[in-house]
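The block underneath contains the structure these notes are about, expressed in structure tokens.
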Amino acid sequence: LFWDNAGKGGRNDAWTIDGFSGWNKFKKLSEHVGGVNSFHNNAVMKCENLMRQGQSIKDALHKQDDIMKNEYRIRLNASIDASRFLLRQGLPFRGHEEKEEMANNGNFVELLKYTAEQNGVVSKAVLKNAPRNNQITSPMIQKDIVHCFSEELIKNIIKEIDQDIFVLLVDESADVSFKEQMAVVLRFVDKNGIVKERFISLTHVKETSSSSLKSAIDSLFDKHGLSIPKVRGQGYDGASNMKGEFNGLRSLISKENASAYYVHCFAHQLQLVIVAVAKKHFDVGDFFDMISLLLNVVGASCKRKDMLRESHKETIEKEVYDGERKTGKGLNQEVSVQRPGMTRWGSHYRTLLRVVECFSSIVKVLECVQNDGCDDSKRRQAHGLLGYINSFDFVFFFATSSFCKKHGIEVLDMEEDFAVSKKPRKKSGVTNGHHYKVNCLYAILDLQLQEFNDRFNEVNTELLICAASLSPIGSFSQFDHSKLMRLSTFYPSDFSHGECISLEQELDIYIDNVRSDDRFTHLEDLAELAPMKIVKTDRRNRIGDQFLNDCLVCFIEKDVFEKITNEVVMKRFHDMKDRRMIL
């Protein structure tokens with residue numbers, strides 16, 4: 001193999017071609033081996049070098065390839081960690097301009113820079129020290145990584161459902177870029193008996209007709225291996241395209257699955273009842289109109305807001321000094337009077353609580369506006385509000401007699417004749433007690449009951465009454481054997497005739513076990529048996545539909561998101577498409 005064609009390999013071809021036969025001539029052997037730089041010794045050295053795999057070209061290329069793979073893994077891992085942090089916090093990935101000379105290159109790149117500064121191993125593999133064609137920082141790579149997180153998260157949620165039944169919750173709304181988005185949430189009971197609600201998709205729909213929404217849901221179900229026959233309930237808002245009995249999304253799904261009963265969204269239901277009552281009852285409508293006007297006047301300027309805060313602070317300090325108010329961690333924080341939300345009934349209640357808490361401070365602000373207002377209209381407005389909030393008509397709707405006593409508001413004698421505000425001299429023929437009890441309280445309750453009856457049909461009402469029999473409050477005091485048996489008849493595909501017979505006996509065993517088990521003694525609800533405006537903002541209004549969906553899924557379902565490992569993301573990242581490096 002190492003014979004010298006120039007003739008320096010020996011005197012003849014005996015050692016290379018013909019073969020050596022004079023084994024009895026030891027001198028010939030010694031002459032052939034020769035000195036240190038002889039042809040034989042040089043050939044032996046070359047042979048040994050060839051046999052050393054560590055010095056071969058192939059091995060050298062493999063070693064170089066291993067180094068590049070390791071650096072690539074470090075680089076990809078750093079990008080995944082940066083994406084994980086930004087997704088968890090709901091932060092934007094990119095900056096306005098991402099150039100080396102810019103002071104701020106966006107959250108993703110800046111986070112990589114910070115990671116490199118804190119870790120020498122990462123620093124050697126990312127950004128400037130990475131190959132220009134394989135830095136793993138491009139917007140497309142960022143979107144791929146986020147999509148991998150989202151797909152793995154949805155995969156885990158589908159695994160939680162485990163081909164079992166679930167409830168479908170859908171809502172549609174326009175985002176800041178005026179795109180119609182359909183949000184889909186699944187409610188189910190997992191293998192451990194825990195009730196869960198999981199957000200699985202935000203899908204852009206070109207129109208919000210029932211057929212368009214149904215088509216989007218079908219596509220989503222096909223993608224994730226879900227099916228309409230597994231749906232056991234539907235929850236939407238009150239829009240006709242959602243709850244319509246003939247052409248709404250509700251009816252389209254019910255045609256495929258009769259057991260998918262529709263129940264109106266409770267939060268939205270209560271909001272609609274409040275709005276309806278406020279519109280139908282003049283006194284209630286006037287009350288909320290005056291509350292809205294009060295908030296506008298008190299919060300009209302920073303000066304008035306500061307005055308309200310300072311006055312409330314002084315009130316708290318005085319009450320603490322007099323021993324009228326408790327102190328402790330988290331108590332007596334700085335507060336302001338917040339406006340009620342249009343679609344959250346609880347926000348109206350919180351607003352009224354703040355008005356009660358800051359009442360004396362609100363009065364001081366109104367008195368200041370009344371005395372020192374910049375123009376007559378503002379002073380008259382403050383004067384009118386002061387007269388209203390210090391009247392019994394105002395206090396009746398949200399306060400008590402102790403509140404009236406504390407703030408010096410006159411409490412009416414309920415036996416006296418009621419005086420109509422617009423015609424005080426004319427006798428009304430009823431007492432104050434009758435007016436406020438019958439004309440106000442009872443009338444409002446009747447309107448509320450009427451609204452609830454209009455929004456819950458007989459089937460939905462019976463479903464809720466039957467399901468309430470499982471409430472654990474008071475050691476399952478509402479447990480009703482017959483109602484639960486009636487509940488099983490609503491789902492014929494889940495309970496056969498034979499199963500219904502055995503269910504009767506199983507319910508007796510169930511209630512006996514839970515009532516005798518100490519773990520169920522102090523339960524308050526069944527759950528104990530177990531964000532678009534943050535992600536897409538005015539400054540991020542061009543975010544793509546798929547990227548928005550992926551970011552939202554990861555941001556909302558944080559507990560599932562935390563369980564997804566980098567290795568799983570890496571594998572899915574490489575399975576998506578061909579990459580420059582192969583792990």
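Since every read-out is calculated from the coordinates, none of them should be taken as a lab result. This structure is a prediction, so every number in the text was calculated from the model and none was measured. Cβ coordinates were reconstructed from backbone atoms using ideal geometry, including for glycine residues, and neighbour counts include every protein chain displayed.
With θ set to phi - 60°, apply the Karplus curve 6.51 cos²θ - 1.76 cosθ + 1.60 along the range 353-359 and write out the HN-Hα couplings as whole Hz, x wherever there is a Gly or Pro.
Running phi through 6.51 cos²θ - 1.76 cosθ + 1.60 with θ = phi - 60° gives 4, 5, 4, 5, 5, 9, 4 Hz.
What do you get for chymotrypsin sites (Phe, Trp or Tyr not before Pro) in the range 97-195 restricted to DSSP loop and a cutoff of at most 14 other Cβ within 10 Å of the site's Cβ?
Listed in order of number, the matching sites are Phe178.
Give a quick list of GluC sites (Glu not before Pro) in the range 322-407 that DSSP marks as loop, anything other than H, G, I, E or B, with at most 14 other Cβ atoms within 10 Å.
Qualifying residues, ordered by number: Glu324, Glu334.
So, in Å, what gap is there between the alpha-carbon centers of the range 345-368 and the range 102-164?
A separation of 47 Å, based on Cα centres.
Would you pull out the residues with amide H under 5 Å of Val335's amide H, same chain only if 5 or more places away, H placed 1.01 Å from N?
It is none; the list stays empty.
Going by amide H atoms built from the backbone, whose H comes under 5 Å of the H on His264, apart from near neighbours?
Here nothing satisfies the definition.
How large is ³J(HN,Hα) for each residue in the range 104-114, as worked out from phi by the Karplus curve 6.51 cos²θ - 1.76 cosθ + 1.60 (θ = phi - 60°), to whole Hz, x for Gly and Pro?
10, 9, x, 4, 4, 5, 5, 5, 5, 4, 5
Amide H to amide H under 5 Å from His204: which residues, 5+ apart in sequence or cross-chain, H placed 1.01 Å off N in plane?
Amide H neighbours of His204: Met182.
Which aspartates and glutamates, if any, have their Cα less than 16 Å from the Cα of Lys406, not counting same-chain residues under 8 positions apart?
Glu319, Asp322, Glu324, Glu357
Mind giving me the FRET efficiency for Ser428 and Tyr388? R0 is 35 Å, r the Cβ-Cβ distance, nearest 0.05 is fine.
Rounded to the nearest 0.05, the efficiency is 0.95.
Can you list the lysines whose alpha carbon is less than 17 Å from that of Lys28, not counting same-chain residues fewer than 8 positions off?
Hits, sequence-local ones excluded: Lys8.
Each residue of the range 205-219 in turn: what ³J(HN,Hα) in whole Hz from Karplus with 6.51, -1.76, 1.60 and θ = phi - 60°, glycine and Pro shown as x?
Values, residue by residue: 10, 5, 9, 9, 5, 4, 5, 5, 5, 5, 5, 5, 5, 4, 5 Hz.
Taking the Cα centre as origin and putting +1 on Lys and Arg beta-carbons and -1 on Asp and Glu beta-carbons, what dipole magnitude results for the range 423-483, to the nearest 20 debye?
Taking the Cα centre of the range 423-483 as origin, the dipole is about 800 debye.
Going down the list Lys305/Lys405; Lys230/Lys558; Lys143/Lys558; Lys230/Lys255, which pairs span over 21 Å between their C-alpha atoms?
Lys305/Lys405; Lys230/Lys558
On a straight-distance basis, which lysines could pair with Lys280 in a cross-link, Cα separation under 24 angstrom, same-chain partners fewer than 8 positions away excluded?
The qualifying lysines are Lys243, Lys422, Lys423, Lys437.
Can you pull out the trypsin sites (Lys or Arg not before Pro) in the range 285-392 whose DSSP state is coil and whose Cβ has at most 11 other Cβ atoms within 10 Å?
For trypsin sites (Lys or Arg not before Pro) across the range 285-392 that sit outside H, G, I, E and B with at most 11 neighbouring Cβ atoms in 10 Å, the list reads Lys326, Lys329.
Under a Cβ-Cβ cut-off of 12 Å, what is the net charge of the residues other than Ser123 that fall near it, where Lys and Arg count +1 and Asp and Glu count -1?
Combined, the nearby Lys, Arg, Asp and Glu give +2.
Just to verify a number: FRET efficiency for Lys305 and Asp171, C-beta to C-beta distance, R0 = 35 Å, to 0.05?
So the FRET efficiency works out to roughly 0.55.
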